[in-house]
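Chemist: Let me give you the structure first, and then I'll get to my questions.
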Amino acid sequence: MTMNCADPFASNPDLNASLINNAKVLVKNIASAECVSTQYLPILIFLVVAIGLSIVIILIPFVINKMRPSQAKNSPYECGFEGQGVVRNKFSVQFYLVAILFIIFDLEIAFLFPWAVALKQIGVLGFVSMMIFLGLLTIGFIYEWKRGALEWK
């Protein structure tokens with residue numbers, strides 16, 4: 001099975017001339033530095049400097065490292081005294097759960113401040129949407145309270 005791939009420019013010389021003219025204009029614009037990509041040159045320079053500086057900062061400790069690991073340096077430090085008992089205790093999952101809940105409800109306050117400031121401008125729709133938001137957070141809080149997520153065991 002052979003495909004007949006005819007030259008699309010052969011049948012329309014105007015299209016061919018137009019494409020050649022457009023290519024010439026494009027080359028001329030690139031050569032004269034009027035290309036859009038030159039507008040992004042400061043951003044590119046910033047990214048190169050930022051990445052280069054990050055790599056240098058990460059590599060400096062490996063170059064000037066004088067650390068010699070020893071048993072004393074690797075042991076836990078408790079106010080100058082030797083550790084008593086098991087010093088590598090695991091944190092309870094309850095601690096992380098309370099921390100995450102605190103972050104969630106703390107962010108709620110971050111949403112309430114701008115809402116309270118702009119209450120007159122946002123009108124009834126803004127008020128209703130914030131009440132829905134607060135209602136959902138209240139339902140979540142009650143759910144966590146009923147499950148005992150806020151109580152230490």
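Chemist: By counting other Cβ atoms within 10 Å of each Cβ, how are MET67, MET130 ranked from fewest to most?
Modeler: MET67, MET130
Chemist: Let me ask something else about it. What ³J(HN,Hα) values, in whole Hz, does the Karplus curve 6.51 cos²θ - 1.76 cosθ + 1.60 give for the range 113-125 when θ = phi - 60°, with x put for Gly and Pro?
Modeler: Residue by residue, the range 113-125 yields 4, x, 5, 5, 5, 9, 4, 5, 6, 7, x, 5, 4 Hz.
Quick note: the coordinates plus some simple rules give every number you see, no bench work behind them. Small disclaimer: the values here were computed from a predicted structure and weren't measured. When we count neighbours, we look across all protein chains shown, and the Cβ atoms used for this are built from the backbone with ideal geometry, even at glycine.
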